[in-house]
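**Student:** Sharing a structure, written as structure tokens. Questions coming.
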Amino acid sequence: MASRATIDPDKLPKHFDSAEAERRWDARWQELGVYHYDPSRAREETWVVDTPPPTTSGTLHIGHVFSYAQPDFVTRYQRMRGKSIYYPMGWDDNGVPTERRTQNLFHVRCDPTLPREPGLALEPANAKAKSSPPRVISRPDFIALCARVTAEDEKAFLALWRRVGLSVDWRTEYATIDANARRMAQLSFWDLFHKGHCYQSDAPFMWDVDFQMAVAQAEVEDRQRPSAYHDLEFAVESGGAFTISTTRPELLGACVGVTAHPSDARYQGLFGKRAITPLFRAPVPIFASEKADPEKGTGILMVCTFGDQTDVEWWRDHKLALRQLIGKNGRLVPVTFGSETFPSQDADAANRCYAELSGRNLKQARTRSVDLLRDPANSATGTGPPLVREPKPIEHAVKFYEKGDNPLEYLPTRQWFVRLLDKKEQLLAKGAEIKWHPEHMSKRYEDWTRNLAYDWCVSRQRYFGVPIPVWYALDAAGKPNYEKPIVAEPKTLPIDPMTDAPPGYQEAQRGQPGGFAGEADVFDTWFTSSMTPQIASRWLLEPERHARLFPADLRPQAHDIIRTWAFYTIAKALLHEDKVPWRQIAISGWILDPDRKKMSKSIGNTVTPTEPIDKHGADAVRYWAGSARLGVDTALDENVFKVGKRLVTKLFNASKFALAQSAEAGPIASELDRAFVGELRALVEDATAAYEKLDYARALELTESFFWKRFTDTYLELAKARARSEHDAAGRASAVATLRLALSVLVRLFAPVLPFISEEIWSWAFAQETGHASVHSAPWPSAADFAGIAAPADGASFEASVACYLAINKAKADANVSSGRETLRLALAAAPETRARLAPVISDVLAAARCAAHEFADDDALAPGAVAVRDAVFAERAAEV
RNA sequence: GGGCGCGUAGCUCAGUUGGUUAGAGCACCUGCCUUACAAGCAGGGGGUCGCAGGUUCGAGCCCUGCCGCGCCCACCA
């Protein structure tokens, strides 16, 4: 594109005020609609980003800018490539973190049995208020409060995203709790239910006693915890005794069996007999099981309902009794020994013991149990204390809910599940269809999928979430029929079964015999988040739109949520439509503090994003994000911000200078210019290839390096004099045209990473000239920019002129003379080929070196391309202006 | 215990299918106000590429083993 416009540098600001430019351009972009999605374009011309909805209740830190800027780079590139961009932003506000934050902020608790209090107006609680018991409020009031809290959090995120220039189409903003997201999650359930992928189960499952809810495998983590082996003596009903080893003596009352390995010689005689437990004198079957490890403990152990996952399996496989001792709140429930459920051969003794434990939490119950076990009176054998030796401390792994403070327990509760275990192969196949960046991250997905041990538990006993859209008919006795749930129909969604009545029922029948009951549980937050591509495409609601936006092109996300967000999203797309949700997934690395520790709120090493942005500018912070490769954890280094800021300043200055050359531009005809353009063309090809591979970091590095080394440090210096020449009109026109072209190309190459300074420069001349009001909707540089420019006579002539120019500069440095000093006498030497190569460009080199006269000798001994300065005399002082 | 990744200059990191003498920025040293930019420019010093073997004409890169760091997963009697 031939450039005509020039600028008056005196009319431009002396310095680039990044904060001012950030405000101005953000407003302008919104006004122009630069980032608006164009729904009229075909799927192939559209680039769809499945943006991660940030957890609004989390702490904002600099890592957010890092991971959200990276997809913005490739998306800006795609936009400049002419794609219609669908780049939404959602807020992940439903779920446990928001509830917890709301509870803390307002010092409230939710009691779903309470009625709504009209006109309830709460204020954030101060420290004094927090010393008194929390205010208990109704479910609708609690939900309203959660919504209020997240609305505030969303504002902070929105402001940050706008400040750092994410090229999001803000008309697409959504929240995972809003009506459309609720509708989509409930539609998802409806579809899965009718396809037979959903089921209810009241089998024992992982339960958090503090949150009092079930959790899925993906939310479970192991933590090393101190514990102890307690060796307890059990009696054998027909006579004799043996010792089991347990870490959970508090569950003795829940013991329903005893087992050892079938080949364990020590216990051969016991199988088929009954054991009598200490404390409670309960008779329990002794059976053989391959799952018992002869090496562990004493090789024989008690099975409780439920101490761990293996207990669940023994209980199920051997049809053992259910003696549920742990309540949903993690305290031992009241039970009576000597009953059918809790048999005992000495009910009075058993109940005396249990009175000491009932109502206590598990930790207290353990301590108390050990006390009781030290008492010989509680022995099942009558031969001394049941605890045969002091507990032996150990460290072992215990399962925790990732947000929980107490170990998970296994409780039989009714939960909704999505069947996944039978679909591992399909899940793996879908994962393999997706292009992972970096590639090795796909391993995380494969390993997780292969090792999946449970179906997906999707019900949560929470309030601020998407309700499970089902009701249960109540029989004449008021008992719910879980076998035949009433699932809400698509056209009615979203609904809340706790406030809406099912079809064919009146609200007055809620809870009445012969009436109905609403499902009180809400979905796991991932049940909604796993639908982000469909929320965007409005799956089932707008089929045409869905066809244009699904599957998405890019899913950006962090690696810690591959097993949750990525996994569930792939699972949903598989179950709903047998498709992949996106073609590519880009995994960002983590930001580590300078000591290489992960930034986290609990460690207290987070850095707020506003400070670096205020100090260095949004472009500089983006530059830092653009310097890091996908998937690579990066230590926060303030120096990189500074380097980014320096680049922005240099771009500002160099652009002012290049555009201030007021001479008329003409055909690019000079050898130096053509050779330089040849290099520029190669840069465009390389940077484009890098962006195609999502390698924005490579593209940035190439562009930046070219900009400094080939443009400002050399080409600009070499062409400067000619651009202002009074004798060589053609050469002048060629130089001016080349400067403009280079600037136009470089600014566009930088635009994805440095949107503000690029736009600023673009606005000076190119916007008007090209008719593209924003650089961000201007075409990405391509062969079209170089059409009509002849190739140089010698592709290496630019390189040769740089070598010659630098050799002269070195001579000046050796002489402690400024580069700007005039060169009075100069004797150069080079191999004959090099000399010949320099002939068409030497005048530019000499002009840059401020040299009027020179000698040039052949020297075969010099390496090809090398130029030696044999003699040089420089002016005593700088020339008068 | 299984898996993945990393280990290159004082620091942060590149190093593209194995190919001259291993790079950048920062930091450091020297010089320079030079008609875009001192928030700048020119020049310079600095590396046993974690260790040990192997393959190859040739290894930072490929193979084997080991050491260290990080992450993911598993491990509840």
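The values are calculated or read from the model by the stated rules, or taken from the named source; none is laboratory data. These figures come from a predicted structure and were not determined experimentally. All Cβ positions, glycine included, derive from the backbone under ideal geometry; neighbour counts span all protein chains shown.
**Student:** Identify, please: which residue in the range A:288-328 is among the β-branched types (Val, Ile, Thr) and either more than 14 Å from RNA strand B (Cβ to nearest atom) or under 40 Å from the mean Cα position of the chain (by Cα) (or both) and is, among those, surrounded by the fewest Cβ atoms within 10 Å (Cβ to Cβ)? Can you show your working first?
**Tutor:** Of all residues in the range A:288-328, those among the β-branched types (Val, Ile, Thr) come to A:298, A:300, A:303, A:305, A:310, A:312, A:326.
Cutting the leftovers down to either more than 14 Å from RNA strand B (Cβ to nearest atom) or under 40 Å from the mean Cα position of the chain (by Cα) (or both) gives us A:305, A:310, A:312, A:326.
On the way: A:305: 24, A:310: 15, A:312: 19, A:326: 24.
Here the residue is A:310.
**Student:** For residues in the range A:236-287 being under 23 Å from residue A:389 (Cα atoms) and among the basic types (Lys, Arg), which is farthest from RNA strand B (Cβ to nearest atom)?
**Tutor:** A:281
**Student:** Considering A:807, A:836, which residue is surrounded by fewer than 23 Cβ atoms within 10 Å (Cβ to Cβ), more than 16 Å from RNA strand B (Cβ to nearest atom) and assigned to a helix (DSSP H, G or I)?
**Tutor:** Values: A:807 fails: more than 16 Å from RNA strand B (Cβ to nearest atom).
Going through A:807, A:836 in turn, the sole match is A:836.
**Student:** Looking at the range A:597-626, which of its residues are within 11 Å of RNA strand B (Cβ to nearest atom), in contact with a Leu (Cβ under 7 Å, 6 or more places away or on another chain) and in a helix (DSSP H, G or I)?
**Tutor:** Hit for the range A:597-626 is A:623, nothing else.
**Student:** If you go through the range A:629-643 one residue at a time, how many are in contact with a strand residue (DSSP E or B) (Cβ under 8 Å, 6 or more places away or on another chain), on the phi < 0 side of the Ramachandran plot and more than 7 Å from RNA strand B (Cβ to nearest atom)? Explain how you work it out, then say what you get.
**Tutor:** Of the residues in the range A:629-643, the ones in contact with a strand residue (DSSP E or B) (Cβ under 8 Å, 6 or more places away or on another chain) are A:630-631, A:633-636.
Okay, now just the ones that are also on the phi < 0 side of the Ramachandran plot, so A:630, A:633-636.
Narrowing further to those that are more than 7 Å from RNA strand B (Cβ to nearest atom): A:630, A:636.
Residues that pass the stated criteria total 2.
**Student:** I've got another one for you. Tally the residues that are within 23 Å of residue A:296 (Cβ to Cβ), assigned to a loop (DSSP other than H, G, I, E, B) and touching a helix residue (DSSP H, G or I) at 6+ places or on another chain (Cβ under 6 Å), restricting the search to the range A:386-405.
**Tutor:** So the first thing to find is which residues in the range A:386-405 are within 23 Å of residue A:296 (Cβ to Cβ), and the list is A:386-400.
With the extra rule that they be assigned to a loop (DSSP other than H, G, I, E, B), the set shrinks to A:386, A:388-391.
Among the residues that remain, those that are also touching a helix residue (DSSP H, G or I) at 6+ places or on another chain (Cβ under 6 Å) are: A:386.
Total satisfying the criteria: 1.
**Student:** Right, here's the next one. What residue, of A:184, A:206, is crowded, with 18+ Cβ neighbours inside 10 Å, of a type outside the set (Ser, Thr, Tyr) and part of a helix (DSSP H, G or I)? Lay out the reasoning, then the answer.
**Tutor:** Numbers: A:206 fails: part of a helix (DSSP H, G or I).
A:184 is the lone residue from the list that is crowded, with 18+ Cβ neighbours inside 10 Å, of a type outside the set (Ser, Thr, Tyr) and part of a helix (DSSP H, G or I).
**Student:** Give me the residue from the range A:329-353 that is assigned to a loop (DSSP other than H, G, I, E, B) and without any contact (Cβ under 8 Å) to a residue 40 or more places away in the chain and, out of that set, surrounded by the most Cβ atoms within 10 Å (Cβ to Cβ).
**Tutor:** Of all residues in the range A:329-353, those assigned to a loop (DSSP other than H, G, I, E, B) come to A:329-330, A:333-346.
Narrowing the set further to residues that are without any contact (Cβ under 8 Å) to a residue 40 or more places away in the chain leaves A:333-334, A:336, A:338-341.
Numbers: A:333: 12, A:334: 10, A:336: 13, A:338: 17, A:339: 10, A:340: 6, A:341: 11.
Checking each candidate, the answer is A:338.
**Student:** Quick one: count up the residues across the range A:1-60 that are among the hydroxyl-bearing types (Ser, Thr, Tyr), modelled with pLDDT of 95 or more and more than 18 Å from residue A:552 (Cα to Cα).
**Tutor:** Looking only at that region, the number is 0.
**Student:** From the list A:663, A:687, A:654, pick out the single residue that is more than 34 Å from the chain's Cα centre (by Cα) and more than 8 Å from RNA strand B (Cβ to nearest atom). Talk me through it step by step, then tell me what you get.
**Tutor:** On the way: A:687 fails: more than 34 Å from the chain's Cα centre (by Cα); A:654 fails: more than 8 Å from RNA strand B (Cβ to nearest atom).
Result of the check over A:663, A:687, A:654: A:663.
**Student:** Got a number for residues in the range A:519-552 being surrounded by 22 or more Cβ atoms within 10 Å (Cβ to Cβ) and outside any loop (DSSP other than H, G, I, E, B)?
**Tutor:** Of the residues in the range A:519-552, 15 are surrounded by 22 or more Cβ atoms within 10 Å (Cβ to Cβ) and outside any loop (DSSP other than H, G, I, E, B).
**Student:** Separate question: List every residue pair whose Cβ atoms sit under 7 Å apart, with the two residues 6 or more apart in sequence or on different chains, where the first one lies in the range A:646-674 and is closer than 15 Å to residue A:707 by Cβ and the second, anywhere, is near RNA strand B (Cβ under 8 Å from one of its atoms) and hydroxyl-bearing (Ser, Thr, Tyr).
**Tutor:** A:650/A:712; A:654/A:712
**Student:** Do we find a residue being within 21 Å of residue A:75 (Cβ to Cβ), within 38 Å of the chain's Cα centre (by Cα) and away from RNA strand B (no atom under 12 Å from the Cβ) anywhere in the range A:704-721?
**Tutor:** Quick first cut of the range A:704-721, residues within 21 Å of residue A:75 (Cβ to Cβ) only: A:704.
Checking the rest, the ones that are also within 38 Å of the chain's Cα centre (by Cα) come to A:704.
Keeping just the survivors that are away from RNA strand B (no atom under 12 Å from the Cβ) gives none.
Within the range A:704-721, not a single residue is within 21 Å of residue A:75 (Cβ to Cβ), within 38 Å of the chain's Cα centre (by Cα) and away from RNA strand B (no atom under 12 Å from the Cβ).
**Student:** Considering the range A:209-224 alone, what residues qualify as being part of a loop (DSSP other than H, G, I, E, B) and not charged (D, E, K, R)?
**Tutor:** Start the filter on the range A:209-224 by keeping residues that are part of a loop (DSSP other than H, G, I, E, B), which leaves A:209-212, A:215-216.
Answer for the range A:209-224, where residues must be part of a loop (DSSP other than H, G, I, E, B) and not charged (D, E, K, R): A:209, A:211, A:212, A:215, A:216.
**Student:** While we're looking at this one, here's another question. Among the numbered criteria (1) more than 8 Å from RNA strand B (Cβ to nearest atom); (2) assigned to a helix (DSSP H, G or I); (3) at pLDDT 95 or above, which single criterion is violated by residue A:682?
**Tutor:** Among (1) more than 8 Å from RNA strand B (Cβ to nearest atom); (2) assigned to a helix (DSSP H, G or I); (3) at pLDDT 95 or above, the lone unmet condition for residue A:682 is (3).
**Student:** Right, here's the next one. From the set of residues in the range A:547-596 that are among the β-branched types (Val, Ile, Thr) and either within 16 Å of RNA strand B (Cβ to nearest atom) or in contact with a His (Cβ under 6 Å, 6 or more places away or on another chain) (or both), which is nearest to residue A:422 (Cα to Cα)?
**Tutor:** Keep residues of the range A:547-596 that are among the β-branched types (Val, Ile, Thr), which gives A:561-562, A:564, A:569-570, A:580, A:585, A:587, A:591.
Then drop every residue that is not either within 16 Å of RNA strand B (Cβ to nearest atom) or in contact with a His (Cβ under 6 Å, 6 or more places away or on another chain) (or both), which leaves A:561-562, A:564, A:570, A:585, A:587, A:591.
Details: A:561: 22, A:562: 20, A:564: 18, A:570: 15, A:585: 25, A:587: 27, A:591: 37 Å.
Ranking the qualifying residues of the range A:547-596, first place goes to A:570.
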